[in-house]
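The values are calculated or read from the model by the stated rules, or taken from the named source; none is laboratory data. If you're wondering where the values come from, they're calculated on a predicted model, not measured in any experiment. Neighbour counts run over all protein chains shown; Cβ positions are idealised from the backbone, glycine included.
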Amino acid sequence: MKNIFSNIKGDAFGGITAGIVALPLALAFGVSSGLGPTAGLYGAIFISFFAALFGGTSTQISGPTAPMTAVSMVAIAGIMALNDGDINKALPIILTVFLLAGLMQIGLGILGIGKYIRYIPYPVVSGFMTAIGVIILLTQILPSLGYYPKEDTAFVNQFKPQAQEVILENILKDEAGEGILVLENFKETINKAETITASDILKEAETLAKKEASGVIGALKVLPRAVQNINWLELILAMGTVFIIYGFKRITKVIPSTLVALVVMSGIAVGFKLNYKTIEEIPSGLPTSNLEIFTSFNPSQVTPYIFTALTLALLGAIDSLLTSVVADNMTKTKHKPNKELIGQGIGNSIAAVFGGIPGAGATIRTVVNINSGGKTKLSGMIAGIMLLIIMLGLGPVASKIPAAVLAGILITVGIGVMDYKGLKAIPSLPKDIKIGPLKLSSEVLIMLTVLLLSTFWDLIYAVGIGLVIACLMFMKKIGDLTGERSDLKTLKEEAWTDESNFPESLKNNVFIKHIKGPLFFGSTSDFQQLASQIPNSAHLVIMRLGRMQYMDQSGLYAMEDMLLDLKQKNIQVIFVGLLKQPRYMMERIDIIPDFISEEQIFKKFPDSIVWARDYIKEHTK
């Protein structure tokens, strides 16, 4: 505890400053997620406090981030759609998925996965981050124009026939669940249908309209309607926010420009009593736990989102550990990756119980904390407490913030989160693959694949597909490189230094094979040609394996097939320089001693020559 309180003044100032910077972003990410500003605040409060307390990076400030919010937004929209847009029915499932993600992060930390996160290919991360920026930008176009599909009467009316079908379908499902035979008790169905009111149909139609306009594709679909129905006041508030955020940075960076934009534009809207759309009301009391995620837990409802939870866990891990590296470089310290994952997991788990959206280590907030004097875990804990105090004291005031202002803040977040370094490198990366007549860079192909699939299809599957493509291309490259180095040559075509004095009398009967590099799935196709390349007149093959450090199962069976083929042709094989791992593999399936006996394995090449001379002399009489 002494270490935590060693820099109280600096940590207090750093934590308070980071908390103030986090406020507008927490509100904006909460609104963007679909759960409202309160969920963003709760996420920022609990993740910041507990990730700092239990984490492995002293100066890290955690909370909702753009990537985590983008994935959460997709999950929330999907779960809401399956529950007829009813937040009360969907919320326990949503929070259970978030809780599961936090628990998975704890598991990743306990298993020591933290040190392996850095091996995720850069093109996958680059494509994903740029997609996050594009998604945020496109989904914030509608609120920045002041267009809300649920409030467009003409648009909503288009969905009324479909709404009636959905309501009737739900009645039939309920009756089936109650064991009512619809055809025999059709009067019961009619009675229930007669209770449907116009407001019920309107509510369902509004839900369907909102679903139709959700996500990137939905936003693009209704964009023409939004442009025709621009609310100029909302647009001015959003663009004014963007202008202040970028403009104020040119004046000074001491005061966060995002906070300045939030205060100034909200002050103008409230002070001049403008007719604008506010964010949802923020409760002023203490956060309360959502115990429904435990009492009404249903595995079948959560099972489809296991992969979503894992994606949130891995993404939060990557996000946090990258920020930890930034913090290390600034403070000349060394973070503990696995402990950091445990801390982030605890923070996300507790936030989920209280209704907060998931988050991760936030680079900008961490940098602000360090520059303001934060040095220990206390700074992150103070940032969380600061947000709680703001919520308790200024909740009613914050509820008057214009929704368009938060849309403007998110637009700048979307612009800032894109990976411009990766985008700028596209023209200069080597074109190392060929698809039909086109030559492309494999790195660019992976990045664009992840970018397009994430933006227009599914963030979660896009990352998985990107990783698979990256792994396949890596394996292909390694296989090609190994194949180039591992080729069959007769002694006359290639000779190593110690082969220069090889007996002339043996050269027509003995072939030497040099295997250079690992024998694995990427190099087996070339290796399998060995037997066919050796003429039937050969009596003996010397395989020099001193540079074959590794053999996988594919290589093992390729070796077995080759030895069997040569044996059928009465061609003997001896090994020279066999290393430990390949020998162990060959002993497991009895290649040694069934095909190659101990007396046919030599440590040094000269010893093999003696054996070869005797063997050829005996078998060529």
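A single member of Phe307, Phe294 is more than 29 Å from Gly408 (Cα to Cα), among the hydrophobic types (A, V, I, L, M, F, W, C) and in contact with a helix residue (DSSP H, G or I) (Cβ under 7 Å, 6 or more places away or on another chain), and it is Phe307. Of the residues making up segment 569-579, those that are closer than 15 Å to His539 by Cα, at pLDDT 85 or above and not in a strand (DSSP E or B) are Asn570, Ile571.
Elements of the type helices (runs of 4 or more DSSP H) sitting completely within segment 92-174 and holding at least 3 residues that are of a type in the set (A, V, I, L, M) and surrounded by 21 or more Cβ atoms within 10 Å (Cβ to Cβ): these cover 122-139.
Residue-level check: of (1) modelled with pLDDT under 85; (2) touching a helix residue (DSSP H, G or I) at 6+ places or on another chain (Cβ under 7 Å); (3) not β-branched (Val, Ile, Thr), Ala176 misses just (2). Considering each of Ser349, Ser320 in turn, give the residue that is in contact with a strand residue (DSSP E or B) (Cβ under 7 Å, 6 or more places away or on another chain), closer than 27 Å to Asp458 by Cα and either in contact (Cβ under 8 Å) with a residue 40 or more places away in the chain or exposed (fewer than 13 other Cβ atoms within 10 Å of the Cβ) (or both). When all the criteria are applied, what remains is Ser320. Without any contact (Cβ under 8 Å) to a residue 12 or more places away in the chain, of a type in the set (Phe, Trp, Tyr) and surrounded by fewer than 16 Cβ atoms within 10 Å (Cβ to Cβ): does that describe Tyr550? Against the criterion (without any contact (Cβ under 8 Å) to a residue 12 or more places away in the chain, of a type in the set (Phe, Trp, Tyr) and surrounded by fewer than 16 Cβ atoms within 10 Å (Cβ to Cβ)), Tyr550 does not qualify. Residues of segment 286-300 that are outside any helix (DSSP H, G or I) and of a type in the set (Phe, Trp, Tyr): Phe297 alone.
Do we find that Met586 is within 28 Å of Pro503 (Cβ to Cβ), modelled with pLDDT of 85 or more and surrounded by 18 or more Cβ atoms within 10 Å (Cβ to Cβ) in this structure? Answer is no for this residue. Taken as a whole, segment 443-464 holds at least one residue that is touching a residue at least 12 places away in the same chain (Cβ under 8 Å), more than 21 Å from Thr139 (Cα to Cα) and among the charged types (D, E, K, R). Sub-9 Å Cβ pairs linking a first residue in segment 205-217 that is more than 13 Å from Thr139 (Cα to Cα) to a second residue that is modelled with pLDDT of 85 or more and among the acidic types (Asp, Glu), at least 6 apart or interchain, are Glu206/Glu151; Ala209/Asp152, ordered by first then second residue.
Total residues in segment 60-91 satisfying the condition of being assigned to a loop (DSSP other than H, G, I, E, B) and either under 20 Å from Ser300 (Cβ atoms) or at pLDDT below 90 (or both): the figure is 4. Of the set (1) in a helix (DSSP H, G or I); (2) at pLDDT 85 or above, all apply to Thr57 but (1). The single residue among Leu387, Leu472, Leu429 that is surrounded by 14 or more Cβ atoms within 10 Å (Cβ to Cβ) and within 27 Å of Ile120 (Cα to Cα) turns out to be Leu429.
So if I check each of Gly34, Gly78, Gly30, Gly85, which one is within 21 Å of the chain's Cα centre (by Cα), of a type in the set (Gly, Ala, Ser), farther than 30 Å from Phe5 by Cα and surrounded by fewer than 22 Cβ atoms within 10 Å (Cβ to Cβ)? Exactly one residue qualifies, and that residue is Gly78. Screening Pro304, Pro283 for residues that are of a type outside the set (A, V, I, L, M) and assigned to a helix (DSSP H, G or I) leaves exactly one candidate, Pro304.
Answer yes or no: is there a residue in segment 270-290 that is in contact (Cβ under 8 Å) with a residue 12 or more places away in the chain, on the phi < 0 side of the Ramachandran plot, within 29 Å of the chain's Cα centre (by Cα) and surrounded by fewer than 16 Cβ atoms within 10 Å (Cβ to Cβ). Within segment 270-290, one or more residues are in contact (Cβ under 8 Å) with a residue 12 or more places away in the chain, on the phi < 0 side of the Ramachandran plot, within 29 Å of the chain's Cα centre (by Cα) and surrounded by fewer than 16 Cβ atoms within 10 Å (Cβ to Cβ). One residue is enough: does segment 388-399 have a residue meeting the conditions in contact with a strand residue (DSSP E or B) (Cβ under 8 Å, 6 or more places away or on another chain) and either under 30 Å from Glu234 (Cβ atoms) or at pLDDT 90 or above (or both)? Yes, there is a match, as at least one residue in segment 388-399 is in contact with a strand residue (DSSP E or B) (Cβ under 8 Å, 6 or more places away or on another chain) and either under 30 Å from Glu234 (Cβ atoms) or at pLDDT 90 or above (or both). Quick one: count up the residues across segment 88-141 that are within 30 Å of Lys424 (Cβ to Cβ) and free of Cβ contacts under 8 Å to residues at least 24 places away in the same chain. So the answer is 2.
Of the residues in segment 128-139, at least one is of a type outside the set (Asp, Glu) and closer than 30 Å to Ile201 by Cβ. When segment 433-460 is examined, which residues are found to be surrounded by 14 or more Cβ atoms within 10 Å (Cβ to Cβ) and part of a loop (DSSP other than H, G, I, E, B)? Listed by number, the residues that qualify are Ser441, Trp457, Asp458.
Residues that are at pLDDT 75 or above, in contact with a His (Cβ under 8 Å, 6 or more places away or on another chain) and closer than 24 Å to Arg583 by Cβ within segment 490-548 comprise Val510, Arg544, Arg547, listed in sequence order. For Leu310, indicate whether it is surrounded by fewer than 22 Cβ atoms within 10 Å (Cβ to Cβ) and among the aliphatic types (A, V, I, L, M). Yes, satisfied.
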